Amino acid sequence: MRLERLAYDKMKIFLTYEDLEKRGITTDKTWAEVPVIDEMFQDMITEASEELNFDPDGPVVVEVFSIPAQGLVIIVTKTEESLDDFEEPVIEWQIGLDQPEEALIFEFSDIEHVIQLSKVLHCQQISEGALYHYKGSYFLKFEKEDFLPEYRKILTSVIREYANKSEISPYVLEEYGKIIFNSMAVKNLNNYFS
């Protein structure tokens, strides 16, 4: 288990799959046992907080990200929310599901950045993508077949000049996000805003 203090109210815990096995998490069925997982995370947060001098008393937000073939990254953030009816600490779970490898999702803080990127991509003969709005951000999702594999790294670098790669699940976007363009987002943005 590796620990890192990110800010006065935030810490990161990295667990390899071997670390998880040592703590009794060996199968997918174990992940479904909420009391077992809750106790394991409480113990890990307490252990990490002692080592980093991080006081986990009060409500915290726990974000869990899976890194294939490596392990889990757990971000723990103290919150300032008041919990009038609760006397013991509460953990709010936000678990990031792995994206299918074929989907690339980028998060934009402003629609202007999406429009500017669409002009650049249009010049590269790319017109695909789906555009969503979710929780105040814009998300541009590309499928594996939207561009050739040899261009994927180059285009990802270009796109990251305008956006951040997102860990949000495509299923969350499809279920809860507002669809702006279901397909051909780059082409449509370029047509409307050029």
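The values are calculated or read from the model by the stated rules, or taken from the named source; none is laboratory data. The structure presented is a predicted model; accordingly, all values stated were derived computationally and were not measured. Cβ sites come from the backbone with ideal geometry, for glycine too, and all protein chains shown count toward neighbours.
Worth pointing out:
- For I95, the criteria (1) modelled with pLDDT of 80 or more; (2) assigned to a strand (DSSP E or B) hold in every case but one, which is (1).
- Screening the stretch 103-147 for residues that are in a loop (DSSP other than H, G, I, E, B) and within 20 Å of the chain's Cα centre (by Cα) and picking the one that is surrounded by the most Cβ atoms within 10 Å (Cβ to Cβ) gives G129.
- Number of positions in the stretch 148-169 that are part of a helix (DSSP H, G or I) and polar (S, T, N, Q): 2
- Among all residues of the stretch 170-178, there is at least one that is crowded, with 20+ Cβ neighbours inside 10 Å and in a loop (DSSP other than H, G, I, E, B).
- Of all residues in the stretch 40-62 being at pLDDT below 80 and of a type in the set (D, E), the one that is nearest to V73 (Cα to Cα): D55
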